[in-house]
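K.L.:
Handing you a structure now.
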Amino acid sequence: MLKFTYTEDSVNLELLEDSLNDWIYARLILAISASIPITFEPNTASFYIPKDSELVRELEAMVELENNLELDANLTDSVEIILKGVWIVSYPQQEEGIFVTSLSPRTEMLLFRGWVATIATEAIRI
C-alpha cells in the first residue's frame with residue numbers, strides 16, 4: 001500500500017505492508033474512538049518523474065496490469081504518474097490529508113523508488 005501524507009508545505013510518501021482495507025478500517029476505528037470527524041472519498045493523486053528515468057519503461061509495462069495506475073507522457077521532460085485511491089480528511093474541503101492506494105507489490109516498489117530518486121535529485125539541485 002502507498003500512503004501519501006499532504007501537509008501545508010510538503011508531501012511525504014510511505015510504502016506500507018498493511019492491506020488497504022485493514023489500514024482504512026483501523027483509521028476509521030481510531031477516528032470513531034477519538035470522536036474525530038473523518039471523510040473517505042474516491043479520488044486521484046499524481047506526481048512527476050523525469051521522462052528519462054529508467055522507471056518509466058518499467059511502469060509503462062505495469063500500466064496494463066494495474067487498475068489504479070495511469071501515466072501521462074505528454075509533458076516535455078517528465079511523466080505524470082496518476083494514481084486512483086482514497087482521499088482521507090477530517091472535513092470534505094480540507095487540503096491537508098492522506099491519500100492511500102493499493103497496487104501490486106512490484107509496482108508499489110517501483111513508484112516508491114521513483115519518488116525517492118526524484119526527491120534526492122531535487123535535494124541535490126538546492
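K.L.:
Roughly how many nanometres apart are two label points built 7 Å out from the Cα toward the Cβ at Leu75 and Val63?
P.N.:
Using points 7 Å along Cα→Cβ, the separation is 1.4 nm.
K.L.:
Here's a follow-up. Out of [x] 59, 24, 19; [y] 47, 35, 24; [z] 46, 26, 22, which label holds the value of Cα extents along the principal axes in Å that was computed here?
P.N.:
[y]
K.L.:
Still on this structure, I have one more. Can you name the helices of the chain, as whole DSSP H runs, whose Cα span along the helix axis is 18 Å or more and whose Kyte-Doolittle mean is not below 0.0? Provide the component values of the computation, followed by the final result.
P.N.:
Values: long enough: 20-33 (20 Å, 1.00); 105-125 (30 Å, 0.26).
Span-like helices, by this rule, are 20-33, 105-125.
Read-outs throughout are calculated quantities, based only on the coordinates presented, and are distinct from any laboratory measurement. All values derive from a computational prediction rather than experimental measurement. Virtual Cβ from ideal backbone geometry, glycine too; neighbours counted across all protein chains shown.
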